[in-house]
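Some notes on the structure that comes next.
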Amino acid sequence: MFYKVKLRDHIRVAPDKFGMELRQAVITEIKNKYSGYISKDLGLVIDVSDVNDIGEGIIIPGDGASYYDTTFNLLTFEPEMHEVVRGKIKDIADFGVFFSLGPIDGMIHISQTMNDYVSFSKEKVLQGKESKRSLKVNDKCKARIIAVSYKDIANPKLGLTMRQAGLGKEDWIELDLKEGAGKGRRVPAKPAEEKKK
């Protein structure tokens with residue numbers, strides 16, 4: 001899920017940025033410090049969305065830079081268990097699908113791509129045996145996050161599934177909805193009101 005996170009930090013503005021307007025220099029240094037930053041608490045930092053307050057600068061003896069107590073907002077992406085996400089197929093291998101969520105990629109094991117026996121072809125296509133449904137690179141899909149690992153903090157791992165109802169390739173979801181609407185739904189009968197005695 002995407003979040004807007006408010007942080008407060010002492011931002012070091014290097015001497016080569018002193019000629020810039022202060023706000024722009026601080027934003028540049030925040031981007032340098034937090035760009036691509038990944039943590040279990042914040043998730044993946046995407047960008048600086050706003051700078052709220054820049055305090056008065058201080059200089060530390062022996063360092064020619066200025067330090068500013070700054071409050072700012074970051075746009076972050078933190079994957080959450082059971083979250084449904086949209087993305088597209090980035091690559092296909094014989095063991096599964098690499099799924100791009102935008103800021104990060106996830107993995108869908110071949111057994112989690114569809115409710116069918118799945119075969120892999122040399123053209124990087126997954127094909128369902130009975131359903132004849134296929135997955136190709138760049139197909140837009142919906143998936144659910146079923147595993148999040150920060151074991152290697154520089155490269156968090158996401159496990160996804162597309163086997164549940166309402167998930168999979170967007171064309172499949174639309175087709176399933178149309179087929180379900182044609183079958184009609186049973187509405188449970190209301191219990192008969194008891195007669196007052």
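Taking the condition of being on the phi < 0 side of the Ramachandran plot and either acidic (Asp, Glu) or assigned to a loop (DSSP other than H, G, I, E, B) (or both), how many residues in region 18-46 meet it? Can you show your working first?
As a first pass, look at region 18-46 and keep what is on the phi < 0 side of the Ramachandran plot: 18-35, 37-42, 44-46.
Now restrict to residues that are either acidic (Asp, Glu) or assigned to a loop (DSSP other than H, G, I, E, B) (or both): 18-21, 29, 35, 37, 40-42.
So the count comes out to 10.
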Subset of region 117-135 [surrounded by 13 or more Cβ atoms within 10 Å (Cβ to Cβ), on the phi < 0 side of the Ramachandran plot and not in a strand (DSSP E or B)]
131, 133
Could you check residue 132 against (1) among the charged types (D, E, K, R); (2) touching a His at 6+ places or on another chain (Cβ under 8 Å); (3) farther than 30 Å from residue 34 by Cα and say which number it fails?
(2)
Candidate set from region 136-159 (those that are in a loop (DSSP other than H, G, I, E, B) and under 24 Å from residue 82 (Cβ atoms)); member that is nearest to the chain's Cα centre (by Cα):
156
Scope region 1-35; condition surrounded by 15 or more Cβ atoms within 10 Å (Cβ to Cβ) and under 30 Å from residue 143 (Cα atoms); matching residues:
5, 34
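Each reported figure results from applying straightforward, stated rules to the coordinates on display, with no laboratory input. Since the model is a prediction, treat every value here as computed from it, not as a measurement. All Cβ positions, glycine included, derive from the backbone under ideal geometry; neighbour counts span all protein chains shown.
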